[in-house]
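> Handing you this structure, nothing more for now.
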Amino acid sequence: MGTEGNPVKAVRDEVIDSFEHSAEIYGLNRSYGRLYGILFFAGGPVSLDELVEESGYAKSTVSTAMKQMEQLHLVYRRSVPGKGRRRSTRRSLTSGGSSKSSSAARSNTKSGL
């Protein structure tokens, strides 16, 4: 089913597309914006596997993007008690990610990231 029958999903997809475009403007990969948008709409922490499934990106792409976004203080890892080693962390947006994102992206653009 497409977004025609679901106006909430249509708006969600439009906002995620805007995150993608914004990431590109700040010199980051579009995938960073899409993943950030997915996390933005998540009800809580999301596993790497869930991000792979939702985004359609390769696991290596998601993993690399998450590491870079952690360094930019846009996302953080959170341990989930009782899960196996591979599923022990989930990603969430940082509380200050929006205020840190523009200055971090500008400094990375200057450094060639």
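> Which ones in the stretch 1-26 are exposed (fewer than 14 other Cβ atoms within 10 Å of the Cβ) and in contact (Cβ under 8 Å) with a residue 24 or more places away in the chain?
Val15
> Moving to a separate point now. Could we say that Asp49 is of a type outside the set (Phe, Trp, Tyr) and modelled with pLDDT of 95 or more here?
no
> For the stretch 28-64, give me each residue that is more than 21 Å from Glu14 (Cα to Cα), in contact (Cβ under 8 Å) with a residue 12 or more places away in the chain and either of a type in the set (A, V, I, L, M, F, W, C) or not in a helix (DSSP H, G or I) (or both).
Pro45, Ser47, Leu48, listed by residue number.
> Okay, next question. Which condition number in (1) under 18 Å from Gln71 (Cα atoms); (2) of a type in the set (A, V, I, L, M); (3) out of contact with any Lys or Arg (no Cβ under 7 Å at 6 or more places or on another chain) is the one that Leu39 fails?
If we test Leu39 against (1) under 18 Å from Gln71 (Cα atoms); (2) of a type in the set (A, V, I, L, M); (3) out of contact with any Lys or Arg (no Cβ under 7 Å at 6 or more places or on another chain), just (3) comes out false.
The values are calculated or read from the model by the stated rules, or taken from the named source; none is laboratory data. Quantities reported herein were computed from a predicted structural model and do not represent experimental measurements. Using ideal geometry, Cβ is built from the backbone for each residue, glycine included, and neighbour counts are taken over all protein chains shown.
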